[in-house]
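Student: Shown below is the structure under consideration.
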Amino acid sequence: MADKTAKLIRREKVAEGTMAFHFEKPSGFNFRAGQFADVTLTDPLETDAKGNTRTFSIARPPFADELVFTTRMRNTGFKRSLKEVTLTTKVKISPAAGSFTLRKDLAKPAVFIAGGIGITPFLSMVQQADQDTLSQKLYLFYSNRRPEDAAFLDTLKGLETTNPNFHLICTMTEMSKSKRQWTGETALIDKKMLNRHLAKLQGPIYYIAGPPTMVTAMRETLVSAGVEEKDIRIDEFVGY
């Protein structure tokens with residue numbers, strides 16, 4: 001499949017230092033929830049050492065009529081351009097790729113573990129599961145430093161009310177730096193936390209997405225708890 005052209009229609013702040021960019025969905029652009037695509041600025045206001053292309057998970061589900069890419073707003077030429085170009089600017093989007101998607105075996109629960117901006121593929125998966133009324137049990141462990149940093153938190157809470165098979169467990173690990181109230185978990189995601197919310201650690205399929213250090217630590221935690229390697233999927237967000 002060839003690259004598609006998509007028009008920027010909206011951008012919004014979804015957390016402190018995090019923005020979502022909404023594009024018209026090109027005709028014939030097909031993907032599975034959890035996949036990613038390359039976005040290329042064809043006429044950037046400025047560029048940087050990494051060039052004019054970045055890879056993003058698709059934060060909206062396949063049934064949506066738009067494509068959304070969400071990113072931490074680092075100080076790079078690419079991201080400054082993406083933030084400042086005029087609406088209706090067109091970009092190139094590569095065909096969707098990646099195997100970080102739900103398996104067809106709905107009998108096995110899926111456990112999602114997200115660190116920060118790693119939430120984006122899971123948002124797509126959970127929204128699609130809600131739309132399809134899947135019978136599969138879904139558990140999302142979502143870690144941020146503060147509520148201010150947690151993108152799409154309200155959307156995820158809403159999905160928990162509409163899908164009885166979806167369970168959301170959020171933790172904020174640096175509440176001393178927050179100006180908001182929080183009554184949920186405050187520890188790092190570890191074996192104890194997983195055990196409190198899951199009937200059994202062995203059996204589900206685990207999906208981990210976030211910064212490489214977090215992904216590595218969680219993978220080691222799961223393996224040491226007896227989870228088989230074949231039941232662990234990872235998606236590292238490097239340089240986001």
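The values are calculated or read from the model by the stated rules, or taken from the named source; none is laboratory data. Quick caveat: nothing in here was measured; it's all calculated off a predicted structure. FYI the Cβ positions are ideal-geometry reconstructions off the backbone, even for glycines, and counts take in every protein chain you see.
Matching residues to (1) in the same structural domain as Lys191 (by TED's automatic domain parsing); (2) over 19 Å from Met19 (Cα atoms):
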| site | (1), (2) |
| --- | --- |
| Ala59 | no, no |
| Leu67 | no, no |
| Met73 | no, no |
| Thr76 | no, no |
| Leu123 | yes, no |
| Gln136 | yes, yes |
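Student: When you scan the range 137-154, do you find a residue that is surrounded by fewer than 21 Cβ atoms within 10 Å (Cβ to Cβ), modelled with pLDDT of 95 or more, out of contact with any Cys (no Cβ under 8 Å at 6 or more places or on another chain) and aliphatic (A, V, I, L, M), even just one?
Tutor: no
Student: On the given criteria, is Lys92 basic (Lys, Arg), touching a Ser or Thr at 6+ places or on another chain (Cβ under 8 Å) and in a loop (DSSP other than H, G, I, E, B)?
Tutor: It is false that Lys92 is basic (Lys, Arg), touching a Ser or Thr at 6+ places or on another chain (Cβ under 8 Å) and in a loop (DSSP other than H, G, I, E, B).
Student: Please state which one of Arg80, Arg60 is closer than 30 Å to Lys157 by Cα, of a type in the set (D, E, K, R) and either under 21 Å from the mean Cα position of the chain (by Cα) or surrounded by fewer than 23 Cβ atoms within 10 Å (Cβ to Cβ) (or both).
Tutor: Arg60
Student: Among the numbered conditions (1) polar (S, T, N, Q); (2) outside any loop (DSSP other than H, G, I, E, B); (3) touching a strand residue (DSSP E or B) at 6+ places or on another chain (Cβ under 9 Å); (4) surrounded by 18 or more Cβ atoms within 10 Å (Cβ to Cβ), tell me where Thr216 comes up short.
Tutor: Against the list (1) polar (S, T, N, Q); (2) outside any loop (DSSP other than H, G, I, E, B); (3) touching a strand residue (DSSP E or B) at 6+ places or on another chain (Cβ under 9 Å); (4) surrounded by 18 or more Cβ atoms within 10 Å (Cβ to Cβ), Thr216 comes up short only on (4).
Student: While we're here: Among the residues of the range 7-56, count how many are part of a strand (DSSP E or B), among the basic types (Lys, Arg) and touching a residue at least 60 places away in the same chain (Cβ under 8 Å).
Tutor: 3
Student: Now for a different question. Please go through (1) over 22 Å from Thr101 (Cβ atoms); (2) more than 16 Å from the chain's Cα centre (by Cα) for Asn163 and return the number of the only condition it doesn't satisfy.
Tutor: (1)
Student: Please give the number of the condition Thr42 fails out of (1) closer than 19 Å to Leu168 by Cβ; (2) out of contact with any Leu (no Cβ under 8 Å at 6 or more places or on another chain).
Tutor: With (1) closer than 19 Å to Leu168 by Cβ; (2) out of contact with any Leu (no Cβ under 8 Å at 6 or more places or on another chain) applied to Thr42, the lone miss is (1).
Student: Can you name the condition, by its number, that Lys191 falls short on among (1) modelled with pLDDT of 95 or more; (2) closer than 28 Å to Thr70 by Cα; (3) not β-branched (Val, Ile, Thr)?
Tutor: (2)
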